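To start, the structure itself, in structure tokens.
The values are calculated or read from the model by the stated rules, or taken from the named source; none is laboratory data. Predicted model, so just to flag it, every value in this text is computed and none were measured. Cβ coordinates were reconstructed from backbone atoms using ideal geometry, including for glycine residues, and neighbour counts include every protein chain displayed.
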Amino acid sequence: MGDALSSIGVIVAGALILFTGWFWVDAAASFLIGVVIITGSFRVLKETIHLLNEGAPEGAGIDEVSASIRAIEGVEGVHDAHVWALDPSYRLLSAHVVVTDRPLSQAAALMASIKTTLAKSFGIEHTTIQFECADCGQCADAGDGGIA
């Protein structure tokens with residue numbers, strides 16, 4: 001869009017110079033085009049830095065994602081959860097999910113439910129989820145934060 005606007009600006013500036021002789025229009029159009037380019041560059045740079053720092057994607061904050069997982073029947077808690085993106089359209093999650101004691105066959109259905117919820121609500125397509133029947137002791141909220 002910025003390139004199209006820049007091209008239109010050049011054409012309009014050229015026409016004004018041709019028909020009016022106002023050569024200052026060239027400098028004004030160049031300045032405006034420079035502003036458009038710099039503004040677009042800052043947006044791209046900001047997004048790139050966020051991705052490289054593995055920041056949480058927009059609309060998929062860890063609090064909202066964890067609450068969504070906890071709302072699923074059979075889930076007792078979520079900890080050590082991380083959401084990040086490799087590019088704007090590829091979101092990932094890793095988390096420890098505390099569940100009620102259940103047979104492995106039921107755990108598969110619960111996993112499918114969690115993955116469906118994450119994909120529909122937050123666009124998270126790749127997950128690494130560790131089921132636990134009790135807190136593993138690895139998160140800071142679980143006591144000393146050390147590995148049990």
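For the stretch 1-93, the helices (runs of 4 or more DSSP H) that sit wholly inside it and include 2 or more residues that are closer than 26 Å to Ala108 by Cα are 62-70.
Taken over the stretch 85-116, the criterion of being crowded, with 17+ Cβ neighbours inside 10 Å and in contact with a helix residue (DSSP H, G or I) (Cβ under 8 Å, 6 or more places away or on another chain) is satisfied by Ala85, Arg91, Leu93, Ala95, Val97, Val99, Ile114. Within the stretch 98-109, residues that are under 11 Å from Phe131 (Cβ atoms) reach partners that are assigned to a helix (DSSP H, G or I) and of a type in the set (Gly, Ala, Ser) with beta carbons closer than 9 Å, at six or more positions or on different chains, in the pairs Val99/Ala107. For the stretch 107-125, the set of residues classified as among the small types (Gly, Ala, Ser) and within 19 Å of Ser89 (Cβ to Cβ) consists of Ala119, Ser121, Gly123, listed by residue number. Of the listed requirements (1) at pLDDT 90 or above; (2) surrounded by 11 or more Cβ atoms within 10 Å (Cβ to Cβ), Lys120 misses just one: (2). Please go through the stretch 47-106 and give me each residue that is within 12 Å of the chain's Cα centre (by Cα) and of a type in the set (Gly, Ala, Ser), ordered by number. Within the stretch 47-106, Gly55, Ala56, Gly59, Ala60, Gly61, Ala85, Ser89 qualify. Among the residues of the stretch 50-75, those that are loosely packed, with under 14 Cβ neighbours inside 10 Å and either under 20 Å from Cys133 (Cα atoms) or without any contact (Cβ under 8 Å) to a residue 40 or more places away in the chain (or both) comprise Leu52, Asn53, Glu54, Gly55, Glu58, Gly61, Asp63, Ala67, Arg70, Ala71, Glu73.
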